[in-house]
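Working notes for the structure below.
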Amino acid sequence: MKGINKKLAVVLCLLLVAVIFGGDTIRANAEAPYYTWTQGPDGYVVHTQTAYEPGTTIRADLNAPQDFFVYQNKIYVADTGNGRIVVLENNEVTRVITSDEMKSPTGIAVNDDYIYVADYDNACVLLFNHDGTLFRRIDKPTEKTLGEKTKFAPIKVGVDMRGNIYVVSEGSYSGLMQISEEGNFLGYFGANRTNTSFMMILQKMFFTQEQIDKLFKNTPSSPANIAVDSMGLIYTVTQGANAASQGQTIRKLSISGTDLFSTGVNSTTFVDVAVDKDMNVYAIDADGTFYEYDNYGNLVFAFGGKDTETQRVGLLTTPAAIDVLDNGDLIALDKNKGIIQVYEITDFAAAVHQGNSLYLDGRYEESEKTWEYINKMNTAFLFSYEALGKAAFKRQDYQEAMDYYKMAENVTGYSQAFWYSRNDWIENNLGTVIVVLAVIWLVSAIVKKLDKKKVISTNVKKVKESITSIKIVDEFMIMKMILKKPFDAYYEIRYQNRVGWLSATLLYIWLGVLQITNLYVTSYIFNQTNVAYVNVVTLVGSVLLPLLLFVVCNYLVSTITEGEGKFKQVYCGTIYALSPYLLFMLPLQILTNVLTQNEAFVYSFGVLVLVAWSAILLYLMIQEIHFFSFKGTIKNILVTAVTMFLLVLAVFMLYLLFTQLKDFVLDIIQEVIIRV
């Protein structure tokens with residue numbers, strides 16, 4: 001037994017030595033120490049299959065490296081702490097580039113011509129030939145357009161297809177510095193926007209220049225890193241809450257500087273960005289979280305995490321850079337650990353990339369099969385519905401495309417597919433519609449001609465009169481009078497007692513019903529609310545309770561301010577003042593089912609007209625019911641609003657007091673029980 005234990009100890013020691021001294025690369029076979037997320041329904045992120053698994057950990061005696069660049073299957077590392085460039089191929093160091101002119105390389109980019117290095121301490125950009133010899137040193141450009149006081153502190157560098165150099169200079173809020181290969185300053189590019197508040201506008205209008213100079217400068221955030229894709233488009237990442245509020249954490253800039261990228265899921269601490277051959281965008285933040293987006297800014301995957309001294313392979317302590325290899329694997333640079341961590345792409349993520357690549361190549365039928373396979377693997381993978389919707393749209397199955405776009409929550413795509421579907425319906429049914437309308441007109445004309453003695457029309461009129469003679473129907477008919485002659489209608493309500501409690505209450509109920517029909521009747525284009533998450537009681541109460549509170553407060557205020565209206569008149573008059581909304585909102589909701597986003601103005605303007613019309617009638621109701629002047633009416637409305645606020649505040653305070661009292665009583669009871 002002792003011999004066996006001795007042999008086992010020797011084997012374990014040999015394994016330990018092999019791990020510590022056995023080479024520069026360590027292969028991980030452990031399960032991923034993080035979850036993978038993707039864009040899910042209703043703006044939430046959901047779990048999905050692992051997209052990338054921790055792979056090889058590359059160690060090359062790096063000291064605080066801050067950037068790397070993948071070019072022709074080689075990894076060029078800016079080994080900042082050692083003041084050199086390390087070139088790796090097949091995970092092995094093949095070459096080291098040094099120079100007396102290079103002190104602390106912090107950024108690197110490579111193309112067919114040169115190796116471009118941003119040297120922060122030397123305040124210059126260095127161009128090396130591929131044999132490692134220095135070709136040119138670019139110091140601060142001398143052009144006056146740059147400005148004599150402008151700081152030139154290159155931290156990152158990029159180069160486009162024309163050989164123009166883009167420098168991320170520390171603190172440069174004017175954007176990227178665009179410099180020619182010869183070192184001439186060409187201008188700034190891709191400056192971030194500022195967040196201008198209403199207070200800032202007032203300060204600029206009324207403050208003197210001296211006062212404005214003393215204020216905190218409202219300057220845009222400086223970019224943190226840069227990437228250039230195969231088409232020459234520039235990508236930047238910017239850190240900070242201000243950049244996030246402006247949607248500028250990741251930007252995809254066209255030649256003119258227009259931002260072509262928009263995403264709803266991002267981070268305020270992005271440190272680097274990369275782009276693959278299919279225009280998928282990858283970013284990594286300071287917390288070690290990886291983000292992958294498609295060409296349109298949709299989140300595809302998010303994974304990763306920060307290493308809190310657990311030393312688990314795949315977790316990073318100080319992420320510095322990210323890039324993507326030709327085989328789809330990701331690599332990340334850890335400044336603190338001095339390592340390059342490889343993340344191997346899984347079959348699931350490879351299928352997603354294949355589907356996206358096939359679609360971009362115009363092979364829609366093949367891509368559709370791939371996306372259907374992905375959808376079977378994970379039905380919550382929202383991105384698959386987006387791709388299936390695009391594929392169905394391309395083969396002109398617009399109804400199916402609408403279904404997929406709706407599941408993908410793509411309102412624009414849904415609207416576009418509906419536009420084509422509507423055109424197809426019109427083309428197929430226009431003749432039938434014309435015939436039906438012609439028949440209706442013809443029947444109407446024949447009936448009028450045959451009814452010379454007015455027998456039919458007389459009977460119809462009698463039926464109509466018998467219906468309107470019913471008391472509650474007669475009360476509802478005053479809504480028509482309110483629309484045409486509001487003063488006469490309010491006179492009827494106040495002096496003739498024309499309407500009663502029942503009809504008014506039914507209209508209040510109908511107002512609540514309209515909130516529910518808005519969920520089920522209004523087109524998806526104009527209402528994307530998920531019914532499954534809606535509490536109907538809360539929805540209806542959010543409309544009826546404030547309105548009833550207005551009725552009570554208005555009556556109380558009017559009683560004090562010599563208003564002549566009774567509570568019943570205020571109760572009835574308020575809901576009847578909303579007649580435009582009550583009568584026309586449902587037809588407007590139905591109308592949305594034949595409108596696209598391009599005709600959204602029709603719906604928006606219609607709602608605006610109904611609300612404004614109802615507000616005017618409500619004002620006239622207060623004026624006529626209480627017999628106020630114009631000034632008195634305005635005063636009454638303002639005091640009513642203040643009273644509503646104070647009443648809500650009082651109820652909230654009472655709720656807090658009763659909650660504390662209840663907790664106090666329960667604590668006493670619990671204490672008594674324990675002591676007994």
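Filter the stretch 175-198 for residues that are part of a loop (DSSP other than H, G, I, E, B) and either at pLDDT below 90 or closer than 15 Å to THR238 by Cβ (or both) and give the result.
Looking only at the stretch 175-198, we keep the residues that are part of a loop (DSSP other than H, G, I, E, B), and these are 175, 180-184, 190-197.
GLY175, GLY190, ALA191, ASN192, ARG193, THR194, ASN195, THR196, SER197 - these are the residues of the stretch 175-198 that are part of a loop (DSSP other than H, G, I, E, B) and either at pLDDT below 90 or closer than 15 Å to THR238 by Cβ (or both).
Against the definition (more than 25 Å from MET177 (Cβ to Cβ), without any contact (Cβ under 8 Å) to a residue 40 or more places away in the chain and either of a type in the set (D, E, K, R) or open to solvent by 10 Å² or more (accessible area, probe 1.4 Å) (or both)), how does THR318 come out, yes or no? Outline the logic, then answer.
On the way: more than 25 Å from MET177 (Cβ to Cβ): yes; without any contact (Cβ under 8 Å) to a residue 40 or more places away in the chain: yes; either of a type in the set (D, E, K, R) or open to solvent by 10 Å² or more (accessible area, probe 1.4 Å) (or both): yes.
Judged against the criteria, THR318 is a match.
Of the conditions (1) on the phi > 0 side of the Ramachandran plot; (2) surrounded by 21 or more Cβ atoms within 10 Å (Cβ to Cβ); (3) among the small types (Gly, Ala, Ser), SER384 satisfies every one except a single condition; which number is it?
(1)
How many residues, within the stretch 580-626, are open to solvent by 20 Å² or more (accessible area, probe 1.4 Å) and more than 19 Å from LYS480 (Cβ to Cβ)?
Residues in the stretch 580-626 being open to solvent by 20 Å² or more (accessible area, probe 1.4 Å) and more than 19 Å from LYS480 (Cβ to Cβ): 20 in total.
Here are the criteria: (1) outside any helix (DSSP H, G or I); (2) open to solvent by less than 70 Å² (accessible area, probe 1.4 Å). Tell me which single one SER503 does not satisfy.
It is condition (1) that SER503 fails.
Of everything in the stretch 54-104 that's in a loop (DSSP other than H, G, I, E, B) and among the hydroxyl-bearing types (Ser, Thr, Tyr), which residue is surrounded by the fewest Cβ atoms within 10 Å (Cβ to Cβ)?
Restricting attention to the stretch 54-104, the residues satisfying the condition of being in a loop (DSSP other than H, G, I, E, B) are 60-66, 72-73, 83, 90-91, 98-104.
Filter once more, so that each one left must be among the hydroxyl-bearing types (Ser, Thr, Tyr): 98-99, 104.
Working: THR98: 14, SER99: 18, SER104: 17.
Checking each candidate, the answer is THR98.
Look at VAL447 and say whether it is in a helix (DSSP H, G or I) and either modelled with pLDDT of 90 or more or of a type in the set (Ser, Thr, Tyr) (or both).
Details: in a helix (DSSP H, G or I): yes; either modelled with pLDDT of 90 or more or of a type in the set (Ser, Thr, Tyr) (or both): no.
It is false that VAL447 is in a helix (DSSP H, G or I) and either modelled with pLDDT of 90 or more or of a type in the set (Ser, Thr, Tyr) (or both).
Among the residues of the stretch 382-402, is any within 28 Å of the chain's Cα centre (by Cα) and of a type in the set (S, T, N, Q)?
yes
Return the residues of the stretch 523-552 that are outside any helix (DSSP H, G or I) and modelled with pLDDT under 90; say none if nothing qualifies. Quick ask: steps written out before the conclusion?
We begin by selecting, within the stretch 523-552, every residue outside any helix (DSSP H, G or I); these are 523-530, 534-535.
Answer for the stretch 523-552, where residues must be outside any helix (DSSP H, G or I) and modelled with pLDDT under 90: GLN528, THR529, ASN530, VAL534, ASN535.
Looking only at the stretch 409-428, how many residues end up being open to solvent by 50 Å² or more (accessible area, probe 1.4 Å), in contact (Cβ under 8 Å) with a residue 12 or more places away in the chain, among the polar types (S, T, N, Q) and more than 19 Å from THR263 (Cα to Cα)?
So the answer is 1.
Do the conditions hold for VAL324, that is, is it open to solvent by 10 Å² or more (accessible area, probe 1.4 Å), in contact with a strand residue (DSSP E or B) (Cβ under 6 Å, 6 or more places away or on another chain), modelled with pLDDT of 85 or more and of a type in the set (A, V, I, L, M)? Break it down stepwise before answering.
Working: open to solvent by 10 Å² or more (accessible area, probe 1.4 Å): yes; in contact with a strand residue (DSSP E or B) (Cβ under 6 Å, 6 or more places away or on another chain): yes; modelled with pLDDT of 85 or more: yes; of a type in the set (A, V, I, L, M): yes.
Yes.
The values are calculated or read from the model by the stated rules, or taken from the named source; none is laboratory data. This one's a predicted model, so the numbers in the text were calculated from it and none came from an experiment. As a convention, Cβ positions derive from the backbone with ideal geometry for all residues, glycine included, and neighbour counts pool all protein chains shown. Accessible surface areas use protein heavy atoms only, side chains included; no ligands, DNA or RNA. Shrake-Rupley method; radii C 1.70, N 1.55, O 1.52, S 1.80 Å.
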